[in-house]
1. Just flag the GluC sites (Glu not before Pro) in the range 258-336 sitting in loop per DSSP whose Cβ has no more than 12 other Cβ atoms within 10 Å.
2. Just grab the label-to-label distance for Glu71 and Phe183, each label 7 Å out from Cα along the Cβ direction, in nm (one decimal).
3. May I ask you to rank Lys79, Lys277, Lys363 by accessible area, largest first, using a 1.4 Å probe over the protein chains only?
4. Based on the alpha-carbon gyration tensor of the range 175-231 and its eigenvalue square roots a ≥ b ≥ c, which shape applies: rounded if a/c is under 1.5, prolate if not and a/b is larger than b/c, or oblate?
5. Which is farthest toward the positive dipole end of the range 191-335 among Gln240, Leu209, Gln284, measuring Cα position about the Cα centre, with Cβ charges +1 (Lys, Arg) and -1 (Asp, Glu)?
6. Please give the charge dipole size of the range 224-363, origin at the Cα centre, charges +1 on K and R Cβ atoms and -1 on D and E Cβ atoms. Round to the nearest 20 debye.
7. How much length would be gained if the chain were fully extended between Glu245 and Glu227, taking 0.36 nm per residue of separation minus their Cα-Cα distance, in nm to one decimal?
8. Heavy-atom accessible area of Asp220 with all protein chains present, probe 1.4 Å, nearest 10 Å²?
Amino acid sequence: MKRVVKWLLEPIAKVYRRFFDPRFEQLATRLEQAAERVNVTVANVASELDASGQARTEVLSVVGRELRRLEGVMEELRKLQAITEELRKLEGLTEAMEELRSESSAVDRRLSDVLETLTQDIGFSLEEMSQRTADLLNYAEGYRGPAGQGGLWFNPPVVVQHTAGRVEVGSVNERIIEIPFVFAQLSHTGPGARLLDVGSNESYLALQLSSLGYRATALDLHPYPFEHPNLTVVAQPLEQWEGPEEPFDVAICLSSIEHFGLGAYGEAPTAGRVDLKAMKQLRQWVRPGGLLVLTIPYGSAHVDSLQRVYDKKGLEELLEGWETRSSQFAAPIADGWSTVDDPDELETRENPGVALVVAVRPK
């Protein structure tokens, strides 16, 4: 009979030892009480069997009833196991939150140190500028800094680099040659002309042209942050805009068309050649005889997450339906940018140059 009792109680003991988390004392107490009741019941059954010599069928009936009760206890144990696992997960989440809170505190302390240093440096001479202050200034002036986050960062042709006790030229990008190229092409277009600036958001160009008396439209995914009597702002994708009430005299694509459809500026990527579709759409919005002023990356053709780089064939595809009036090409050099005589040279370079194109919509 003792073997029967042991056989009945052993599953309870195994499940209890394997799954129950002793940290939950109230649940442990309840489970121990349940196990004790089962133990007493089975012992009573064994005693009755020994004393009265009941028939085999009655014995089996009693044992079966107790086994069913044991199954109920096992089900409760399984539920307790599931609860225990969920509690372990919650405990892990709590630990992760504590780690995050600790890391956040560390960042706050670092930021406080930086701000304290900056405050101490207010009114400092250049020679006294610390590296920590220099790092903060570099961050503030970059596109990831507060101005960029607030939509008020404008891609400068020259980037200034701060270091401890020193300020120097960090880099000169293609804007140094693209912006004067655009103004040069507009020299024969009088004030009052209707201009479209495609991808205007990180540029002063639309505001500058409006200030010169041109009727400019700034078209970009994001709102253009300036206002002017001569300025119209369109904040939506080019392919979704219905177009102007009157055709434009000039369409300007200043380092913009190469980004179309790639999702580089927070928009969802679009399948297909959105750049080619956009150029076709622009041709419909420019009056016959009107100009296209285009600047794009030029070199060994490829596409990455930021932009397309065009070669000779790619440029020809882009200008399909336009009549090319002139084209220039420029490459980065040690101290900035310079025009090159042979555009094929750019296709062999590791870093792309830029193509500067003027085209006309056929009459």
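The values are calculated or read from the model by the stated rules, or taken from the named source; none is laboratory data. If you're wondering where the values come from, they're calculated on a predicted model, not measured in any experiment. Using ideal geometry, Cβ is built from the backbone for each residue, glycine included, and neighbour counts are taken over all protein chains shown. To get the accessible areas, we keep the full protein, side chains included, count just its heavy atoms, and leave off ligands, DNA and RNA. Shrake-Rupley method; radii C 1.70, N 1.55, O 1.52, S 1.80 Å.
1. Answer by residue number: Glu320.
2. The two pseudo-label positions are separated by 9.0 nm.
3. Listed by decreasing accessible area, they come as Lys363, Lys277, Lys79.
4. Note, shape of the range 175-231 comes out oblate.
5. Positive-end residue among those listed: Gln284.
6. In debye, rounded to 20, the range 224-363 gives about 420.
7. Taking Glu245 through Glu227 to full extension adds about 4.5 nm, to one decimal.
8. The accessible area comes out at roughly 20 Å².
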